[in-house]
Structure formats: C-alpha cells, structure tokens
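Data first, discussion second: the structure below is written as structure tokens.
The values are calculated or read from the model by the stated rules, or taken from the named source; none is laboratory data. Given the structure is predicted, the values throughout are model-derived calculations rather than measurements. Heads up, the Cβs are rebuilt from the backbone with ideal geometry, glycines too, and the neighbour counts pull from every protein chain shown. Surface areas here come from the heavy atoms of the whole protein model, side chains and all, with no ligands, DNA or RNA. Shrake-Rupley method; radii C 1.70, N 1.55, O 1.52, S 1.80 Å.
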Amino acid sequence: MNTHLRTGAALLALAVGQVLLPAPAAAAAAPDCAATQPGGPVQVTPDCADPLYAHPVIDGEQDLTTPVAHRRVSGHFEGTAVKFTIYLPAAAQWQGRFFQYTYPLSDENALDRVVAFGAASGGYTVQTSGAQGYRHAAAAAKFAETVAAAYYRSGSRRIYGYLYGPSGGSFQTVGAIENTTGVWEGAVPIVLGVPTSIPTNFFLRAQARMVLRDVAGRIADAVRPGGSGDPYAGLPAVRAAMLREATSLGVPLKAWEDPDYVMGLSTADGLLGFGAVIRQLDPSYAADFWSKPGYLGTEQSPLGDIVRAELVDATPTITQVRADADGTPTAVTLAGLPTLTSTLGLDFAVEAADGTRAPLTGTLDPATGVLTVGGGNSAAVLAALTTGARVHVDNRWFVALPSYYRHQVPPADQGYTAFDVLRGPDGQPRYPQRPVLVGPLIARGPAGGGTYTGKITGKVIVVDNLVDSDAYPWHADWYAKRVRAALGDQAFESGFRLYYNDNADHLDGPVTGAKANRIVSYDPIVERALREVAAWAERGVTPPRSTRYDVTDGEVTVPKQAPDRRGIQPVVDLTAGGRDRVDVKAGQKVAFVAKVQVPPGAGTIVSAAWDFTGSGTFTPIGLGPLTVGGSHRYTRPGTYYVSFKVASSRSGGADPFARVENLDRVRVVVRP
C-alpha cells in the first residue's frame, strides 16, 4: 500500500499506551482529507489526515495463542465512539498484507475464524466498531500499518490491504473503493446492496406477505426439487400477478423454498424499522395512499380489495381509566373495538371534542380492550384520557407502507431494468411517484456519501448469491455494468470480477440445522475471493473469469455446466433414476447418482458428503471419481430431500479455509 510510511507526513501522532506522541518535528503536517465538491464523499489517500479520526489511541496490547498465536492491539479514536482492534500474527506468517472486515453494526472484535483466516493467508486482521461510511475504516487501516511496521520491523516495506463486507458492509466497501486511493489495493463487496435496495427490497416482501401468505406453501412446493417448477400454476390471477411483480423486481423464485423468510416473518412488520424512516421523510404518503388515485388504497381491483381488507380504522370510547398514585393514567379500557387478529402496526390518537387528534403511545390487548399507556406522551394527552373520551385506533400507515416501492421507481436512464415491471410501454412509471426518491438518500449513509459511480480504484471481486431475497442477485449485475461504463472494457476485465454462487443466501456464518440441507455457507467463497484479489493485486495473477449468467425479468440464471458457468463454485447434478423426484414404497432402497464439475481454474474437489434424510447432517465419503453413486433404504413414509454436498479448493484438502461449497438435491416421496 502507498502509505504515509513512505511519505513520512500523513500520521500526525502515534498513539502508545493511551498517550498521544507527536510526530517528529521535521514531518510536515498532512492536509485534511476532503471532498472534491461540496457535499460529496470525502476522498481519502495515504497522504491526508482525516480530521474526524486524527488521534488514534492504543488502549492495550496482549499476546494471545488462540485462534492462532498473535499480538492483539486494541484502541480507539479520540473524540469518537469508534474502536479498533489489530490482530498481528507471528512474523514468520506475515507476508506483507492485511484483511479488514466492515459492517455498519459490527463491533471491533473479529471472529476467531476471521483472525485465523487472515493469519493463514499471510495477513494481519483489522476490525473497527460500527459506524456509517468508510472514513473510520480508512483511518484504522492507515494507523494499523504504522503499528504493523513497528511490530514486524518492516521499515518502508509496502503493505497491501483488502477491505470486504456483506450487505450494509457492501455499501461501505463500494464507497471505500470508489473514494479512497492507496488505502486498500482491493475490495470484496458481498451480497451487494445498491441505492434502490432500501426500502424497496423489504417493503416489496412485506407486500408479498400481505397478498401471498395463503398460497406461500403452494409456491414453495413448486420451486423445491421435484416440484412442478411452475409456481404460478393454479394461483388466482391477482396472486399470480403479485408473485410475478415480486420476481421481476428481484426476489429469487428459489428463495420461496423458505417462504417465512421471504415474507419477513422473522421480524415484526418485515420493514426492518424503515417504516419510521418513510414516515419522517414522506409524512403525507399515507394520506395520499388512502385518498388519491393510483394507490392501492383507492384502486378498484382485486389487489386493492386485498389491501383494503387489512385496514383497521375505529374510534372506540374510554370506559375506564387506571391511574398511578399521582393520578397519571397508566391504562384505559376501550369499548367499541373491532375484532382484531393482530395489533401489529396500530397507531393511537386521543380525539378532542372538535375532532382533532393528538398521538398517543401505548400497547393494546385486543382480548380485554385494555390500552396500556406508553412513555413519551405529553401532559395534555394524558389529561385527555378520561372516561367518555374517544381514542382513534388505525393501521393506515402499516397497510400503506408495503407498496411504497411502487412509488419509488428510479429514472430509466440509471440502468435499473428490474423496475420495468413498474413502467408502462412509454417507459414512464405506471403509478404516482413520491417527491423524494428515498433509496439513494438512505444509501448515502453507509456508503459514506458515495453514489456508486463505478470508478473503482483497486481490484474488485463481487461475491453475490442466487438465493438472496435481501440483496437481490441483479444488484451485482447492475453494479458490474456501472464499473464497465466507468472504466471501459479493457480496464474492467483487468480489474473486476463477479462471482455468483448458487444455493447460498444473504446470511453469513455457518449454516446449521435443516437449512444446511439446501443452503451452503458463503464464508469460504469470500475467503477464496480475498485470496484471489490479493494475488491479483500483488502479483498480477489473473483470477478465474466471472460467472456467466443471464438476467431476465429480474431473475439471474446461470448455465448448468461448470465450464459454461465459470466462476469459482463447483457444480453438482444429483438425480435418482435420472430425475429430481422419485416415489417409492416404504422399505425400498433408492439409488442416487451425483455428477460433480469444477469450473476452469477453480481447483479440485476436497470433500463430499451425503444427507439422505433432509436433516442437514451430512455423512462424509471418500473422494473418488466425479460421478458418485449412493443409496439409502427408507423405512418410514414421508417426504425426504436428499442432498449431496461437495467443496473445492485451490490449496488442497489440508487447508481449512476457502473450501468453496455447493450442493444439489432430489425429492424422495415414501409411501406406505
């Protein structure tokens, strides 16, 4: 890395033992890092000093033996809440590089696997606590180099750095590699978010939940191995149209194997807190939704009917008031409530005699009609909670928010072709558009003001997953086109790769339980990408070619054969009797055949295993030919999803890292 170690001017102070030591008197003060235009992203170089993070302080140092022997250096930036940790492996392991993970909500403590991977890959590890943007990460990277140079006594030896981050961290990684020079030589954005991702992706899935929850099981069965393959078959027209809209905007059909996750049932409203953001940025939206043409609140259609059926809008009367010893109301009993199946998304307001309303916080028990008064209510609101007063109860915002994405169509010239489903034949949006395009505003936070120009300053390998219903697979294709347009074909080919991976979703970390039967961890894929980008940046070793793919109506598909697909992930084709489904009687043995292929330059198969019952527990087998047979006798009736999983590596079976996985499955139906 071209750093202040070579210029001798960029570091204003060296922090040791919580004491700031001034730089040598002869060193010229470094200029402040600054934006090239007002309001633009701050440009960070090795020779500038970021005024926000100008004073790093070392809080402690430890020599540890796990997960590998290393020196752990912890610290913070004075005047900020940002902390950092540097993990320095033994000098014999270090090969002049570092790896740095970033995520807006992370802490400064790297996972053991991350530290061990860094050491095994010749690098020290840097991690900071979460913050928006990339400037804190850049400051930590630059300071860590001074610490590493002192620890390894490497003098002016060049140090290469690589930044990577998933999801929200992908915004930071893109912002960093477009707006810094010489801080990192390469970057690996993972499960890429783009400026339209928030809130569209989450709101779309919440809308799908509202419309498709009753047919989600049918959709899931169709897309699972041995299913019909046509999730639209048999659906009522309005629900088929909703599924097609969700698919065209990017929700992978294969992700519907886990419909609860697609529909956001793991969170209260599926909006991940962004509903409150929209209410603040676009306060008139709900009123327009329920009163103006072009919105589902007023649209006379089967879809509009489904949406309006979700509406709760009532003004019950207070029949009893409970108060504390000071006479402050703590709960009221309401009469005249409609039958409620859920209290999710309800808003409350005290209604005055003249019909005006004042917001009231609280929680409602629909079984008893008791509204427990929440905190933050004004004295006037509390005083209005009297017997006979009326409380307005509604979920107008909650019902309106999911379809907000329809009114957030980006300009057609920005390349977001997935939004064509929301455009008419003339290319214009089908529905009224809101005055503010919210997605880019939100994205500027984690991207540090970056706007996804495509003007990357180092080698970049994007890792994206084909079963990701959080960050849609087409995002990576969109960004690849931005980079190509910015750099030109030659520079694009010599500096950018995109690896799509099948049977992987949005969530990092180990995959456990029954989910492991159908989803592989993408952590090893990221490890492989980091090693590839390091070899590319340092030694000019060209990595395997990008995955070949097509994008049709928002869906990304890849060829079935590994030589055609390319990338770095092995390909598995599992069949039973040449098909992806077999029906047998209990007690009958079923024979399976798995054909395995590895893309050119992607290494060799180093492990293989069977899961015959769908439990997610795999039994390893010895390595042999790339066509593998297996069999299992099923004694109990039921439906089983049989999975065969392999891993490939370029460094051999003894290396526990960068073992890229894939699998395939078949359905076995056992009848009495």
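Worth a mention:
- Elements of type strands (runs of 3 or more DSSP E) contained in the range 533-602, each with 3 or more residues being within 24 Å of the chain's Cα centre (by Cα), modelled with pLDDT under 95 and surrounded by fewer than 20 Cβ atoms within 10 Å (Cβ to Cβ): none
- Hey, Thr247 of a type in the set (Val, Ile, Thr) and more than 30 Å from Trp478 (Cα to Cα) or not: no
- Residues of the range 315-344 satisfying the condition of being of a type in the set (S, T, N, Q), closer than 15 Å to Thr372 by Cβ and in a strand (DSSP E or B): Gln320, Thr330, Thr333
- Odd one out for Glu145, checked against (1) surrounded by fewer than 24 Cβ atoms within 10 Å (Cβ to Cβ); (2) more than 17 Å from Val460 (Cα to Cα): (1)
- Of all the listed residues (Val194, Val188), the sole one being within 30 Å of Pro104 (Cβ to Cβ), open to solvent by less than 10 Å² (accessible area, probe 1.4 Å), in contact with a strand residue (DSSP E or B) (Cβ under 8 Å, 6 or more places away or on another chain) and not aromatic (Phe, Trp, Tyr) is Val188.
- Matching residues, the range 615-671, being charged (D, E, K, R) and either surrounded by fewer than 18 Cβ atoms within 10 Å (Cβ to Cβ) or free of Cβ contacts under 8 Å to residues at least 40 places away in the same chain (or both): Arg633, Arg636, Asp655, Arg671
- Residues located in the range 162-185, provided they are surrounded by fewer than 24 Cβ atoms within 10 Å (Cβ to Cβ) and over 12 Å from the mean Cα position of the chain (by Cα): Thr181, Gly182, Glu185
- In the set (1) within 29 Å of the chain's Cα centre (by Cα); (2) modelled with pLDDT of 95 or more; (3) open to solvent by less than 40 Å² (accessible area, probe 1.4 Å), the condition left unmet by Gly270 is number (2).
- Matching residues in the range 345-360 - criterion: being in a loop (DSSP other than H, G, I, E, B) and open to solvent by less than 60 Å² (accessible area, probe 1.4 Å): Gly345, Leu346, Ala352, Gly355
- Criterion (open to solvent by 20 Å² or more (accessible area, probe 1.4 Å) and not hydroxyl-bearing (Ser, Thr, Tyr)) met by exactly one of Ala208, Ala220, Ala246, Ala233: Ala233
- The range 92-108, residues that are charged (D, E, K, R) and buried (at least 22 other Cβ atoms within 10 Å of the Cβ): Arg97
- Boolean, Ala323 is touching a Lys or Arg at 6+ places or on another chain (Cβ under 9 Å) and surrounded by 13 or more Cβ atoms within 10 Å (Cβ to Cβ): no
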